[in-house]
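Report on one structure; see the data block that follows.
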Amino acid sequence: MIKGQQSIQFEESPFLISSASVVGKKEGEGPLGKMFDMVESEDLFGEDTWEAAESTMQKEACLLAMGKEHLEPADIRYLFGGDLLRQGIATSIGVEGLGIPMFGLFGACSTAGEALALASMSVAGNYGDYMMAVTSSHFGSAEKEFRFPLGYANQRPLSAQWTVTGSGAFILGKKRSHVRITGVTIGKIVDYGLKDSQNMGACMAPAACNTIIQNLEDFGYAAEEYSRIITGDLGYVGQSILFDLMRGRGYDIKKNHMDCGMTIFDQQTQDTHAGGSGCGCAATTLSAYILPKLIKGEWKRILFVPTGALMSTVSFNEGASVPGIAHGIVLEHC
């Protein structure tokens, strides 16, 4: 099952059986608005705080994903989940009531990839029939933790991205479906010394480049053998940098590249500057937009590469650089 330097190719590929997406009002007004399972008109989701709202999103996404397959929490062996908040509190509180044994994860905006990789490895290793991967982000809670409370009304630079209010949940298992995970490439931390937390696309692009090239080398694929190579949230700035870095290594992915942060919002009408970001960006786009295309066979094989900027409020305030990481998930139609 070991493939190359950083990858695993599954001898018996786990299937992605079910998924669900829950988003906020702004996301529902974007290009993918009609594709999400649940769009809430009030971003507090009936709660008193942004953090509690994010927990509610995660719980709803998990329940929706299980409901589609008529599964109960007791049917799920392990849950892999995470978010952007301190100590993963949105996940801990969100899934607490489900009573599923859980692994709390942090990979910043790459957490969807990390969770899917670990869940698929667990299914392939025969550690359970069903695993769940879930992640979320919320514009209000992220701005409050990493930048300024919304009431401050600070001006955002054009390189900044808009944190997606959304949660995506996925159930993986041995039960046959139309999408399977055939391999994973676990990313390395890549640090170019950038310190601008308002330009996360630039911080994450080198890690995306590293993981994509490693995946192609480990599996022996040409870039054209993927219907799409999909990054999580590089946005418009990060995509341009990624193309330059890839060309410098002899690869051109411009024709089949897609970025979730550039897809979930309309840059012309929604004033999101460089695009979307956050754990929920890649996760909800995968559930609502990417998986249906794989299920229908419009895309045969994709490389899903959620990207993360590994920083905290402490590291930023102490002047540390913002390293990036990206994990690659190979998804195929079957």
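No value in this document is a laboratory result; all are computed from the given coordinates. Please read all numbers here as calculations on a predicted model, not as lab measurements. Note: ideal-geometry Cβ built from the backbone for every residue, glycine included; neighbour counts use all protein chains shown.
Per-residue Cβ neighbour counts within 10 Å put I89, I189, I241 in the sequence I189, I89, I241, beginning with the fewest. Within the chain, which is the longest segment containing none of the GluC sites (Glu not before Pro) that sit in a DSSP loop and have at most 12 other Cβ atoms within 10 Å? Longest stretch, sites excluded: 43-297.
A value for Kirkwood radius over Cα pairs in Å was derived from the coordinates, and within the list [x] 21.7; [y] 19.2; [z] 21.0 it appears as [y].
Using bins of 5 Å that start at zero, the share of Cα-Cα pairs per bin across the range 179-333 amounts to 2, 10, 19, 23, 20, 14, 7, 3, 1, 0, in whole %.
Think of each Lys and Arg Cβ as +1 and each Asp and Glu Cβ as -1; about the Cα centre, that makes the dipole of the chain roughly 840 debye. Dividing the summed -39500 (n - 2.57) terms of all DSSP H runs of n ≥ 4 by the residue count of the chain sets its mean residue ellipticity at 222 nm at -9500 deg cm²/dmol.
Comparing A53, L71, G235 along the charge dipole axis of the chain, the residue lying farthest to the positive side is G235, per the Cβ-charge model.
Springs join every pair of Cα atoms under 10 Å in this Gaussian network model of the chain, and among I93, I171, I186 the largest mean-square fluctuation is at I93. The range 247-270 and the range 175-246 have Cα centres lying 11 Å from one another. For the range 2-173, taking Cα atoms only, Rg and Dmax work out to 16.6, 53 Å respectively.
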